[in-house]
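Peer 1: Take this structure, written in structure tokens, and hold onto it; I'll ask about it next.
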Amino acid sequence: MSHIVAIVGRPNVGKSTLFNRLIQRREAIVDSVSGVTRDRNYGKSEWNGKAFSVIDTGGYVRGSDDIFEGEIRKQVELAIDEADVILFVVDVEEGITPMDEEVAKLLRKVTKPVLLGVNKVDNAMREKDAIEFYNLGLGDYTTFASTSGSGTGELLDNLVAAF
Ligand code: GDP
Ligand code: MG
């Protein structure tokens, strides 16, 4: 059985962009409008000879806050059930939002490995900005940029190390 990685996080942090990069296929639907990914996507990936499956969550989440609360909770709970490793993606451009704090609260209770990934770290300035994510109470994080692929090698190293 292959290992399963679930990518969770609020809309627009770049989950689907990362998913597409990891599976090397344009499968998830990415849009600049929050919550546009239409489905829960499954793909296969491999790093350093280790094969694993990736789940891109966020399916039917829409922009509206009240719908969001319940939906994100469902997605995170599904991910916790299904996955061996949970990759929680946040966005350095926006910083910590109340929704990030909600997700972090759920993930702090999980006994499975949880990796915190700070996306949109496109330059050195943003590397410094990422420090605030220690406040989520999930320990250390990995910074990367899904669009350029910068830092995704280290992210993958940390992912497969968690299996
Ligand atoms: P999702 O809702 O979490 O799946 O996020 P998407 O993958 O759909 O991306 C949301 C937006 O963030 C899109 O406009 C992406 O191009 C943008 N984005 C994703 N990764 C990066 C990144 O590394 N840097 C920057 N600047 N933008 C990014
Ligand atoms: Mg998406």
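Peer 1: In segment 57-76, is there at least one residue being modelled with pLDDT of 90 or more, touching an Asp or Glu at 6+ places or on another chain (Cβ under 7 Å) and surrounded by 14 or more Cβ atoms within 10 Å (Cβ to Cβ)? Explain how you work it out, then say what you get.
Peer 2: Restricting attention to segment 57-76, the residues satisfying the condition of being modelled with pLDDT of 90 or more are none.
Among the residues of segment 57-76, not one is modelled with pLDDT of 90 or more, touching an Asp or Glu at 6+ places or on another chain (Cβ under 7 Å) and surrounded by 14 or more Cβ atoms within 10 Å (Cβ to Cβ), which makes the answer no.
Peer 1: Name every residue in segment 106-163 that is among the polar types (S, T, N, Q), in a loop (DSSP other than H, G, I, E, B) and touching a helix residue (DSSP H, G or I) at 6+ places or on another chain (Cβ under 8 Å), in order of residue number.
Peer 2: Hits for segment 106-163 are S146, T147.
Peer 1: Next question. Filter segment 84-134 down to residues that are within 23 Å of S53 (Cβ to Cβ), among the charged types (D, E, K, R) and in contact (Cβ under 8 Å) with a residue 60 or more places away in the chain, then give me how many there are.
Peer 2: 1
Peer 1: Report whether or not R21 is at pLDDT below 95, in a loop (DSSP other than H, G, I, E, B) and within 13 Å of ligand 1 (Cβ to nearest atom).
Peer 2: In short, no.
Peer 1: Filter segment 84-105 down to the residues that are surrounded by 14 or more Cβ atoms within 10 Å (Cβ to Cβ), of a type outside the set (A, V, I, L, M, F, W, C) and not in a loop (DSSP other than H, G, I, E, B) and list them by number.
Peer 2: Answer for segment 84-105, where residues must be surrounded by 14 or more Cβ atoms within 10 Å (Cβ to Cβ), of a type outside the set (A, V, I, L, M, F, W, C) and not in a loop (DSSP other than H, G, I, E, B): D91, D100, E102.
Peer 1: From the list F163, F133, pick out the single residue that is more than 18 Å from D56 (Cβ to Cβ) and modelled with pLDDT under 95. Spell out how you get there, then give the answer.
Peer 2: Values: F133 fails: modelled with pLDDT under 95.
Going through F163, F133 in turn, the sole match is F163.
Peer 1: Could you identify the single residue in A162, A130, A124 that is touching a Pro at 6+ places or on another chain (Cβ under 9 Å) and of a type in the set (G, A, S)?
Peer 2: One residue alone meets the criteria, A162.
Peer 1: Those residues that are surrounded by 14 or more Cβ atoms within 10 Å (Cβ to Cβ), modelled with pLDDT of 80 or more and more than 10 Å from ligand 1 (Cβ to nearest atom), I need them from segment 35-56; list them, please.
Peer 2: Selection gives Y42, G43, S45, E46, W47, K50, F52, S53, V54, I55.
Peer 1: Within segment 127-158, which residues are crowded, with 16+ Cβ neighbours inside 10 Å and farther than 11 Å from L18 by Cβ?
Peer 2: From segment 127-158, those crowded, with 16+ Cβ neighbours inside 10 Å are 129-130, 133, 136, 138, 141-146, 151-152, 155-156, 158; that's our starting set.
Within segment 127-158, D129, A130, F133, L136, L138, Y141, T142, T143, N158 qualify.
The values are calculated or read from the model by the stated rules, or taken from the named source; none is laboratory data. Values in this document were obtained by computation on a predicted structure and should not be read as measured data. So basically every Cβ, Gly included, is an ideal-geometry build from the backbone, and we count neighbours across all protein chains shown.
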